[in-house]
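Report on one structure; see the data block that follows.
The values are calculated or read from the model by the stated rules, or taken from the named source; none is laboratory data. Because the structure is a prediction, the values reported are computed rather than measured. Here the Cβ positions follow ideal geometry from the backbone for every residue, glycine too, while neighbour counts run over all protein chains shown. Note: areas computed on protein heavy atoms with side chains; ligands, DNA, RNA excluded. Shrake-Rupley method; radii C 1.70, N 1.55, O 1.52, S 1.80 Å.
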Amino acid sequence: MTDTARARKLADRIRVVVAETLQRRIKDPRLGYVTITDTRVTGDLREATVFYTVYGDDEERAASAAALESAKGVLRSEVGRQTGVRFTPSLTFVPDALPENARTIDDLLEKARASDAQVRQASSGAAYAGEADPYRKPAREEDAEGAEGAGGETDGEDA
């Protein structure tokens, strides 16, 4: 039986330990501006997936990924020492797709804003194709009486 609360607590602790160890102990020059964004641990507490982002271009991302892979043993031993669990989970580093997804959403929102601005500009000087109020309204009593009276007068003129 898996204890999801325990897995969440261990994942949070692993995230903190990895971030602090990267900041203080790992002195690899390939390691760029790495941010640990999330950590997930399997239900049996045997494997941990660490999500990270790197500030920079593709070359810096690749160099940071290589630095994290080479420091995996040091990070795992530090996680085992600071968490005190019976079995230290194996660490897997995965680049977080959140920044790319956010960038894509921002681009789509900008396109929508531009499209809305074009529609607003095109409709600014436009007039209604028909009447201002295109809905039918029920006939009023005054209009009905006026129509009968007008019809009666025309009948009287013909006779």
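Quick look at the numbers
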quantity: Zone of V94's modelled label, taken as backbone nitrogen in the range 28-64 under 16 Å from a point 7 Å along Cα→Cβ; calculated: 36-54
quantity: Protection proxy ranking of 48-54, 61-67 - average other beta-carbon atoms within 10 Å, highest first; calculated: 48-54, 61-67
quantity: Anisotropy class of the range 48-100 from Cα gyration tensor, a/c 1.5 cut; calculated: prolate
quantity: DSSP H segments from the chain that extend 27 Å or more along their own axis, Cα-based, with Kyte-Doolittle mean of -1.0 or above; calculated: 4-24, 98-123
quantity: Antiparallel bridge percentage (DSSP; both residues within the chain; nearest 5); calculated: 55
quantity: Selection from S77, A62, P134 lying farthest towards where the dipole of the range 1-150 points positive, charges on Cβ; calculated: S77
quantity: The chain - Rg over Rh from alpha carbon coordinates, Kirkwood radius; calculated: 1.61
quantity: The range 1-95 shape via C-alpha gyration tensor axes, a/c threshold 1.5; calculated: prolate
quantity: Accessible area per residue in Å² at 1.4 Å probe, computed on the range 36-128; calculated: 67
quantity: Carbon and sulfur %, accessible surface of the range 1-83 computed with the full protein complex present, 1.4 Å; calculated: 48
